[in-house]
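Q: I have a structure I would like to understand better, so I am pasting it below and will then ask my questions one at a time.
The values are calculated or read from the model by the stated rules, or taken from the named source; none is laboratory data. All values derive from a computational prediction rather than experimental measurement. Heads up, the Cβs are rebuilt from the backbone with ideal geometry, glycines too, and the neighbour counts pull from every protein chain shown. Only protein heavy atoms, including side chains, enter the accessible area calculation; ligands, DNA and RNA are left aside. Shrake-Rupley method; radii C 1.70, N 1.55, O 1.52, S 1.80 Å.
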Amino acid sequence: GISVDQKFKLFNHDALLSLDYFRNDFDKQVVADLEDVRQVKFYNLAGKSFSNSFQAEINFEPVRKLEVRLAYRFFDVKATYSDELLQKPFTAKHRAFANLAYSVSGWKLDYTINYNGKKRMPSTQGNPFQYQRDDYSPAFLLMNAQISKTVGKKHPMDFYLGGENLT
């Protein structure tokens with residue numbers, strides 16, 4: 001793999017861009033094969049199996065005390081299941097992340113959104129029609145937000161109110 005970080009100025013403030021790429025090739029691996037709806041098979045890998053991961057992330061401060069973090073990840077993971085090279089099930093190829101954090105006078109506001117792309121689902125073609133599922137799960141968003149306040153100087157305490165899974 002390789003990782004590169006570059007600092008630069010954006011909006012007259014420090015910014016950081018990070019790029020990562022990693023590849024793994026597997027030659028000895030136990031495969032959990034879920035491709036037959038009637039059984040789960042465990043066996044040693046007979047074929048190819050690999051993962052490619054690319055991530056780009058940028059951190060910057062567009063205005064004073066507002067921090068922004070944006071990231072994207074491409075995750076390509078494949079393995080051979082019964083002589084067929086397939087995308088690993090339940091693994092999103094595309095993911096994205098955005099976080100806004102603002103602080104002023106002891107108050108901190110934080111908002112995060114995560115995007116999870118569609119995921120390949122194991123085949124259900126062996127089931128009767130009414131029990132068959134789509135080949136891919138839908139993509140979804142997950143949002144979290146929090147407001148916190150620090151009080152006290154000698155013995156500071158943090159109070160917060162927040163919500164998770166707001167979608």
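Q: So what does Thr150 come to for accessible area, using a 1.4 Å probe and Å² rounded to 10?
A: Accessible surface of Thr150 is approximately 50 Å².
Q: So, one more: Tell me the per residue accessible area of the stretch 48-167 using a 1.4 Å probe; a whole number in Å² is fine.
A: Spelled out: the 1.4 Å probe surface of the stretch 48-167, per residue, equals 67 Å².
Q: Sticking with this structure for a sec: Give me the percent of the accessible area of the stretch 1-44 that comes from carbon and sulfur atoms, probe 1.4 Å, all protein chains in place.
A: 54 percent
Q: Which net charge results when you count Lys and Arg as +1 and Asp and Glu as -1 among the other residues whose beta-carbon is under 13 Å from that of Pro62?
A: +1
Q: Please report the orientation-averaged projected area of the stretch 46-93, defined via the convex hull of its C-alpha atoms, in nm².
A: That works out to 4.0 nm², a quarter of the Cα hull's surface.
Q: I need the fraction of alpha carbon pairs in the stretch 95-167 separated by more than 21 Å, rounded to a whole percent.
A: 53 percent
Q: Using each residue's phi in the stretch 151-167, evaluate 6.51 cos²θ - 1.76 cosθ + 1.60 at θ = phi - 60° and report the 3J(HN,Hα) Karplus result to the nearest Hz, with x for Gly and Pro.
A: Values per residue, Gly and Pro as x: 10, x, 9, 6, 10, x, 10, 10, 10, 9, 9, x, x, 10, 6, 6, 8 Hz.
Q: Turning to a different aspect of this structure: Provide the packing ranking of 33-40, 7-14, i.e. peptides ordered by the mean count of other C-beta atoms within 10 Å per residue, highest first.
A: 33-40, 7-14
Q: Within 11 Å, Cβ to Cβ, of Pro138, how many net charges do the neighbouring residues add up to if Lys/Arg are +1 and Asp/Glu are -1?
A: Net charge in that neighbourhood comes out at +1.
Q: Moving on. Would you pull out the residues with amide H under 5 Å of Thr91's amide H, same chain only if 5 or more places away, H placed 1.01 Å from N?
A: Distant-sequence amide H within range of Thr91: Arg120.
Q: At 4 °C and a viscosity of 1.567 mPa s, what translational diffusion coefficient does Stokes-Einstein give for the stretch 1-152, taking Rh as the Kirkwood radius over Cα pairs? Give it in µm²/s as a whole number.
A: Value of D from the Cα-based Kirkwood radius: 69 µm²/s.
Q: Just want to confirm a number: the relative contact order over the stretch 1-133, from Cα pairs under 8 angstrom separated by 6+ residues, in percent.
A: After rounding, I find 20 percent.
Q: What does the charge add up to near Asp83, with Lys and Arg as +1, Asp and Glu as -1, over the other residues with Cβ less than 14 Å from its Cβ?
A: -1
Q: Once a ≥ b ≥ c are taken as the square roots of the eigenvalues of the Cα gyration tensor of the stretch 1-50, is the result rounded (a/c under 1.5), prolate (a/b larger than b/c) or oblate (a/b not larger than b/c)?
A: Verdict is prolate for the stretch 1-50.
Q: Okay, moving on. Quick check on the stretch 16-86: take the gyration tensor over C-alpha atoms, sort the square-rooted eigenvalues as a ≥ b ≥ c, and tell me if it's rounded (a/c under 1.5), prolate or oblate.
A: prolate
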